Structures are given as structure tokens and as C-alpha cells.
Amino acid sequence: MTKDANPARPADHDGDRRGTPVGRRVVLGMLAAGAAGVAAAPYLQRAYDETLGAAAQNDPTGLSGLLPAGGGFRYYSVTGSVPDKDEHSYRLTVDGLVRHRASYRLADLRALPQTRLVRDVQCVTGWRVPRTPFEGVRLATLLDAAGVRPEAKAVRFTCFDGAYSESLTLEQARRHDVLIALRMQDRPLGHDHGGPVRLYVAPMYFYKSAKWLSGITVTDHVQPGYWEQLGYDVDAWVGRSNGRDDVPTT
Ligand SMILES: Nc1nc2c(c(=O)[nH]1)N[C@H]1C(S)=C(S)[C@@H](COP(=O)(O)O)O[C@H]1N2
Ligand SMILES: [Mo]
């Protein structure tokens, strides 16, 4: 494992917790639930997922971030709470250097051709989840619909948590393994995993896959995202960035 191999890298995102305390009993309860979850039916796993997500948002100890969430995922948010968006309130806007700005509702996104990919997920802090299905609309489809202007070079992503951001070059954004994901693990994206819509960048470290996606802006240069301003690599290819040598996810 080459965690912390890059000395320029800041304290990793397991370490940045804030909010009000969670009782020791809650944490121990989650540990117990995790142990039970190993042998449990899918619905139990989901309940555990939700419990952990809620507690992790208010866990200054960072302990819950170190616990395996459902299916091996860990819950991350850089903000203390994130609003819920549903069928009625959710919008995804596309703007910037495009001929046709757009605002998509969930139903609009579902009506477009869907792509399903099954790849490993790799977080830059070291954890990996094998063979996770993601499903949604190719980002390239939305870019084509918007009519990207010739001077455009990059895409910036913003989130309705009000804090997180990400970016890709236009070339990366057009890859067929970059999705506007509506489903993960063959069910609608839950709130903890960035639902109703998150970005999914299959070949890159999971910090690229911005949760709670609300904005796509076509730009003339790459603007480093939230973690990239704090030291992570902008080109986040799994196994070829951040001083790590993980097995590629694609
Ligand atoms: N909006 C938002 N997106 C985010 C993050 C975040 O804190 N906020 N964390 C990133 C990181 S570092 C990882 S590893 C994954 C975690 O996704 P998960 O919570 O579904 O496991 O989301 C990425 N996208
Ligand atoms: Mo991560």
C-alpha cells in the first residue's frame, strides 16, 4: 500500500470531520451493525448504510469515516448536512461555453439513453470496492445536446451541498466511461451516495465522482476542484496519480 507516498498531499479526507458529537453507544452500535451486516440480507445492508450516513455527518471523531459503510463504501461529505432533492426539486443545469443552456429534471435524465458500467471503485485514501454497477447518462450526451463552443477546453462540476466541486478536461469529459449517474449498485442513488444524481468518472480516483451534482459548466480552462485545491492531483487516473500505484479501475 502506498498511502501517504506523496509528501505533498494534505491530510487525507478521512481526517476532516466536524459537527456535534455522536455518543459512543451510537458508534459501537454501528460497529455491531457492521458485523451483523456481513451476513445480512440486502435490506439490512441498506438500513445500515443510512444509519452510518446520518451519524457520519455529525462525527467529529472521524471514527465513522473509518468504518466500512454498506458494501465497503465509506460515507464522505465536506459539509455538515446536505439538503434532500427529489423528483420535484432536483435540477441539473448545463451552462457556460455552450450554444444551448439546459436544465434537466430527473425525468428528463431518465428519458435519455442509459449506460451501465461495472468497475472497481478506488478511493485515494486506500479503500477499494470491487465491481460496482453505476448507471446513467453519458456526460458526452449532455455536452453534445448543449453544443459545446470551439473555444471550450474543460468542464466544471458543482454540487448542491454548496461546497464541493470537480473538473475534467473536455477530452476526459467525453470519455464513454464518464456518466451522470442516476443509479448505483442497481438501485436509485441514495442520498448518502450523492443522490439523486452524482458524477461517475470510472477511470479516476473516487473524489472525481462528485456527489449531489447540480451544475455542469463548460469553461475555457480547468479549474481545480475542492480536494485539488488542497493538493490532490487534477488528473486523477487510478494507479497513475497522487503518488499511488493501485491497480487501474478500467
Ligand atoms: N459532494 C461531494 N462529493 C464527493 C465527496 C464529498 O465530500 N462531497 N467526496 C468524494 C470522495 S473523496 C469519495 S471517496 C467519494 C465517496 O463516495 P461515497 O460517499 O458514495 O462512498 O465521493 C466523492 N465525491
Ligand atoms: Mo475519496
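For Pro224, the conditions (1) free of Cβ contacts under 8 Å to residues at least 60 places away in the same chain; (2) within 14 Å of ligand 1 (Cβ to nearest atom); (3) not assigned by TED's automatic domain parsing to the domain that holds Asp120 all hold with the exception of (2). Scanning the range 210-250 for residues that are within 15 Å of ligand 2 (Cβ to nearest atom) and assigned to a strand (DSSP E or B) turns up just one, Trp237.
Any residue that is in contact (Cβ under 8 Å) with a residue 24 or more places away in the chain, more than 16 Å from ligand 1 (Cβ to nearest atom) and β-branched (Val, Ile, Thr) - is there at least one of those in the range 156-169? The answer is yes; a qualifying residue exists. Summed over the range 124-135, residues that are in contact with a Phe, Trp or Tyr (Cβ under 7 Å, 6 or more places away or on another chain) and either of a type outside the set (Phe, Trp, Tyr) or surrounded by fewer than 20 Cβ atoms within 10 Å (Cβ to Cβ) (or both) total 2. Hey, can you tell me all the residues within the range 185-219 that are surrounded by fewer than 19 Cβ atoms within 10 Å (Cβ to Cβ) and either near ligand 1 (Cβ under 8 Å from one of its atoms) or on the phi > 0 side of the Ramachandran plot (or both)? The answer is Asp186, and nothing else.
The values are calculated or read from the model by the stated rules, or taken from the named source; none is laboratory data. The model shown is predicted, which means the values in this text are computed figures rather than measured ones. Every residue, glycine among them, receives a Cβ derived from its backbone with ideal geometry; neighbour counts consider all protein chains shown.
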